[in-house]
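The values are calculated or read from the model by the stated rules, or taken from the named source; none is laboratory data. In this text, all values refer to a predicted model and were calculated from it rather than measured experimentally. Please note: Cβ atoms are built from the backbone with ideal geometry, for glycine as well, and neighbour counts cover all protein chains shown. Just so you know, the surface numbers come from the protein's heavy atoms only, side chains and all, with ligands and any DNA or RNA stripped out. Shrake-Rupley method; radii C 1.70, N 1.55, O 1.52, S 1.80 Å.
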Amino acid sequence: MEVPITMIKITNLKKRFGDLCAVSDLSFQVNPGEVLGFLGPNGAGKSTTMKMLTGFLSPSSGDISIFGINVASKPLEAQRLIGYLPEGAPSYGDMTVLSFLKFIAAVRGYRGSDVDARVESVINKIQLEKVLYQRIETLSKGFKRRVGLAQAIIHDPKVLILDEPTDGLDPNQKHQVRELIKNLSKDKIVIISTHILEEVHAVCTRALIISSGTIVADGSPDQLSAMSKYHQAVSLKLSQPCDAVSALKALADVDSVAVGEEPNSYVVFPVPGKSILKAVNQLLHDRDWQVEELHVEKGRLDDVFRQVTLSSAHGQSQYKLDQSVKAEESEGVV
Amino acid sequence: MNGLIVVLKRELAAYFLTPLAYVFIVIFLILSGIFTFYLGRFYERGQADLVSFFNFIPWLYLILVPAVAMRLWSEERRSGTIELLMTLPLTLFEVIVGKFLAAWLFVGLALLLTFPTWITVNYLGQPDNGVILASYAGSWLMAGGFLAVGSCLSAATKSQVVAFIMTLVICFTFVASGFPMVQDAFSHWAPVWVLDGLSVLSFLSHFDAISRGVIELRDIVYFLVMIGAWLMATGIILNMKKAD
């Protein structure tokens with residue numbers, strides 16, 4: 001039987017820089033096996049929170065405990081459990097990849113042949129063989145990022161914290177780094193900050209959106225997508241122009257109809273909680289309209305992201321997952 | 001303590017990864033040679049000692065040691081590696097002292113490489129090698145003082161140039177505070193304890209005391225306290241400013 005253990009527990013975390021409140025009253029827990037995507041617009045407090053998690057910054061108030069170890073009072077013990085890739089993957093550019101990794105292994109307390117064994121194992125995992133004797137400053141961005149990842153996992157940490165691990169990489173490099181993270185995450189807890197939303201579906205089991213230092217949404221990527229007004233909406237594209245808008249609007253359970261960017265394309269929004277695919281299908285059949293495209297939307301994460309981060313900036317209340325989100329009128333709605 | 005040694009080793013090796021170490025050593029040796037043999041009139045004096053060498057050491061250090069110290073923390077802060085270093089399981093003490101000791105050993109190495117001057121004077125005459133040894137020890141202690149000041153100011157800024165200039169100015173103040181010209185400026189109006197305080201704080205008066213061959217506890221304690229105090233200030237400043 002599995003006993004649920006809280007690996008990371010953050011309670012009422014606050015951080016001020018002078019008058020600026022970077023993180024205000026943040027509380028959440030992360031459990032074993034979770035890959036947590038930490039989302040938010042730039043300046044939302046993601047990096048600040050990560051810096052506090054890793055003991056680099058001390059919180060203005062609140063507690064962080066990792067495996068029951070308080071980060072503020074026992075930073076060294078907590079830091080032994082954590083592997084951290086700071087934003088931009090800083091490392092000592094003058095050193096070669098090999099000597100840098102050896103240095104990190106030595107700091108992590110390995111001695112003698114253990115150092116070589118640890119270094120060799122991460123070199124294999126991250127595929128750094130080709131650049132071992134190159135100075136880090138001569139490496140491409142992708143390789144620098146990989147070196148940063150290698151130093152973070154050299155001691156096989158229980159907790160892996162990655163601050164924007166794919167930022168600034170090209171699509172191939174992004175893909176590689178994501179694959180690495182997926183492989184690494186099997187027996188660890190991973191926290192990834194990002195503002196790239198595709199990443200969340202690609203690697204995360206849970207997403208937490210923060211804005212202006214507070215949590216505005218928390219759930220699995222699918223749950224969050226379901227908060228989108230596009231959730232269960234039907235997109236369709238007709239081959240000829242016809243008066244579809246009024247006919248679609250007249251259907252039962254249809255809340256509104258938006259005209260798409262392409263000619264003769266429409267998005268039909270249901271009344272929250274209702275399914276309208278059948279009705280739309282029936283209408284198309286009855287009128288004998290030729291359809292080029294028809295599908296039910298799962299929900300758009302970027303839409304949810306905008307929705308929750310913009311509304312929090314306007315001081316509205318926090319969105320909850322269980323409460324269905326009312327589709328708002330938007331510019332495209334007729 | 002293990003962490004301290006790991007940091008020390010990396011830092012010391014890092015000096016030799018860039019041209020800095022070689023440039024520093026070469027310039028230090030050339031300038032010390034010029035100062036000793038030309039400005040210090042080593043041969044003309046006809047005395048078997050290294051006074052002409054050690055007289056110029058404080059001034060040489062005033063220019064060159066801040067150049068070593070300026071990168072101690074500025075570089076870490078500029079490149080963001082400070083975040084990496086501070087989130088590794090190392091105490092602030094280990095990191096600050098490890099970096100400082102690496103720099104101190106490096107400057108000590110450059111100092112040791114002036115040994116041909118010592119061989120020359122021993123070849124030409126019979127110098128008091130005890131005095132010379134004491135002077136070497138005094139020089140190294142003084143370099144430690146300069147480096148500790150530099151460590152603190154380097155922690156305060158991301159710009160190495162600013163760190164260099166600030167260190168130079170503060171070190172100059174500490175060197176010159178025992179000077180007759182500085183003392184004269186104060187002697188007309190300041191109470192005696194201010195004058196005494198100024199001369200007690202002067203690098204130069206303690207260095208001179210040691211290089212006369214008299215190693216007194218108070219001079220050694222002065223330099224060690226100086227180093228300790230500036231390194232503690234480094235820690236305080238790092239805690240305040242590391243996130244900037």
Item to complete: Indicate the gyration tensor shape class of segment B:12-95 (rounded, prolate or oblate), computed on the Cα atoms with a ≥ b ≥ c the square roots of the eigenvalues: a/c under 1.5 is rounded; otherwise a/b larger than b/c is prolate and the rest oblate.
Response: prolate
Item to complete: Just reorder A:Ser212, B:Ser79 by solvent-accessible area, largest first, 1.4 Å probe, all chains present.
Response: A:Ser212, B:Ser79
Practice prompt. Hey, for a label at B:Phe37 modelled as a point 7 Å past Cα toward Cβ, could you say which residues of segment B:123-148 have their backbone N under 12 Å away?
Written response: none
Worksheet item: How much net charge surrounds B:Met226 when only other residues with a Cβ under 13 Å from its Cβ are counted (Lys, Arg +1; Asp, Glu -1)?
Response: 0
Item to complete: Please determine, in degrees from 0 to 90 and to the nearest 10, the orientation of helix B:92-112 with respect to the longest principal axis defined by the Cα atoms of chain B, where the helix direction is its Cα long axis.
Response: 30
Response to the item:
accessible surface per residue for chain A, probe 1.4 Å, DNA/RNA/ligands not counted, whole Å² -> 47
Discussion item. Taking the solvent-accessible surface of protein heavy atoms with a 1.4 Å probe, what is the per residue accessible area of segment B:2-243 in Å²?
Written reply: 45
Fill in: Estimated distance in nm for a label pair at A:Ser113 and B:Ile220, the labels positioned 7 Å out from Cα along Cα-to-Cβ
4.3
Worksheet item: Using θ = phi - 60° and the Karplus form 6.51 cos²θ - 1.76 cosθ + 1.60, what ³J(HN,Hα) does each residue of segment A:146-154 get, whole Hz, x for Gly and Pro?
Response: 5, 4, x, 5, 4, 5, 6, 10, 4
Discussion item. What does the extension gain come out to for B:Val162 and B:Leu20, with contour length at 0.36 nm per residue minus their alpha carbon separation?
Written reply: 49.3 nm
Practice prompt. Kindly identify the protein assembly as shown as rounded, prolate or oblate by the Cα gyration tensor criterion: order the square roots of the eigenvalues as a ≥ b ≥ c, call it rounded if a/c is under 1.5, otherwise compare a/b with b/c, prolate if a/b is larger, else oblate.
Written response: prolate
Discussion item. Pick from A:Ile161, A:Ile153, A:Ile126 the residue whose mean-square fluctuation is largest in a GNM of chain A, springs joining Cα atoms under 10 Å.
Written reply: A:Ile126
Worksheet item: With contacts defined as alpha carbon pairs under 8 Å and 6 or more residues apart, what's the relative contact order of segment B:1-149 in percent?
Response: 39
Item to complete: Choose one answer from A:Lys188, A:Lys274, A:Lys102: the residue with the largest mean-square fluctuation in a GNM of chain A with alpha-carbon springs under 10 Å.
Response: A:Lys274
Worksheet entry | Relative contact order (%) - criterion: Cα under 8 Å, at least six apart; region: segment A:96-139 | 59
Response to the item:
Note: A:Glu262 to A:Ser140 extended length (0.36 nm per residue) minus current alpha-carbon separation gives 39.9 nm
Fill in: Peptide-level mean, for B:90-101, of C-beta atoms on other protein chains within 10 Å
1
Discussion item. Given the DSSP H assignment, sum -39500 (n - 2.57) over each helix run of at least 4 residues in the protein assembly as shown and divide by its residue total; what's the result at 222 nm in deg cm²/dmol, nearest 500?
Written reply: -16000 deg cm²/dmol
Worksheet entry | Inter-site label distance for B:Met232 and A:Trp289 at 7 Å from Cα along Cβ, in nm | 8.0
Item to complete: Compare A:Lys237, B:Lys9 by solvent-accessible area with a 1.4 Å probe and give them largest first, with all protein chains kept in place.
Response: B:Lys9, A:Lys237
Response to the item:
Mean-square fluctuation maximum in Gaussian network of chain A, Cα pairs under 10 Å, restricted to A:Lys125, A:Lys141, A:Lys278, hits A:Lys278
Worksheet entry | Under Karplus coefficients 6.51, -1.76 and 1.60, residue-wise ³J(HN,Hα) of segment A:261-274 in Hz, glycine/proline x | 6, 6, x, 6, 10, 9, 10, 9, 8, x, 5, x, x, 9
Worksheet item: When the chain is fully extended, how far beyond the present Cα-Cα distance does B:Asn129 get from B:Trp59, taking 0.36 nm per residue of separation?
Response: 22.9 nm
Worksheet item: Other chains near B:75-84: what is the mean number of their Cβ atoms within 10 Å of each residue's Cβ?
Response: 5
Response to the item:
The summed charge of the A:Asp25 Cβ neighbourhood (under 14 Å; Lys/Arg +1, Asp/Glu -1) stands at +2
Response to the item:
Neighbours of A:Ala207 by Cβ distance under 11 Å: Lys/Arg at +1, Asp/Glu at -1, summed charge -3
Worksheet entry | Simple label model, 7 Å out from Cα along Cβ direction - A:Arg306 to B:Leu29, nm | 6.7
Item to complete: Return the sequence-ordered ³J(HN,Hα) values of segment A:124-134 in whole Hz as given by the Karplus equation 6.51 cos²θ - 1.76 cosθ + 1.60 applied to θ = phi - 60°, using x for Gly and Pro.
Response: 5, 4, 9, 6, 10, 3, 5, 10, 3, 9, 8
Practice prompt. Assuming a ≥ b ≥ c are the square roots of the Cα gyration tensor eigenvalues, decide whether segment B:2-243 counts as rounded (a/c under 1.5), prolate (otherwise, with a/b larger than b/c) or oblate.
Written response: oblate
